[in-house]
């Protein structure tokens, strides 16, 4: 016959396991919530992996662009030319790359813009709607 101390220990264990199972069922997430959290995590990781270009303003302009020998763009893509970025107190070249076309959109690549007499500002690349609808010819709009 179990002693009173072992009985109280067994009742405590059974009540705590019931509490744990209730807590586990409360904490358990529905498959929809799990999927949403996975998607949110994937989106956050994707955004963290993108290069971040903030507008940088300097007192001197960038060097002339480098010559890049790019081949013909594969079907559905176009060439985005390289540019100089300001990094660690000096200009650093970023190579050009292929970018997939987006129907009805136009891409303006990253570029330096003279914003004052002795001021240059790096503008980030951006997509903008052309307003022409699907099937629009994609082009790179030259910076002003």
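Below, the figures for the structure above:
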| read-out | value |
| --- | --- |
| Which listed residue, of 120, 84, is surrounded by 14 or more Cβ atoms within 10 Å (Cβ to Cβ), modelled with pLDDT of 90 or more and part of a strand (DSSP E or B) | 84 |
| Residue among 16, 5 that alone is over 29 Å from the mean Cα position of the chain (by Cα), modelled with pLDDT under 75 and surrounded by 10 or more Cβ atoms within 10 Å (Cβ to Cβ) | 16 |
| Residue 34 vs. criteria within 24 Å of residue 121 (Cβ to Cβ) and either loosely packed, with under 10 Cβ neighbours inside 10 Å or at pLDDT below 90 (or both) | no |
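The values are calculated or read from the model by the stated rules, or taken from the named source; none is laboratory data. Computed from a prediction, not measured in an experiment: that's the story for all the values here. All Cβ positions, even for glycine, are placed from backbone atoms using ideal geometry, and neighbour counts span all protein chains on display.
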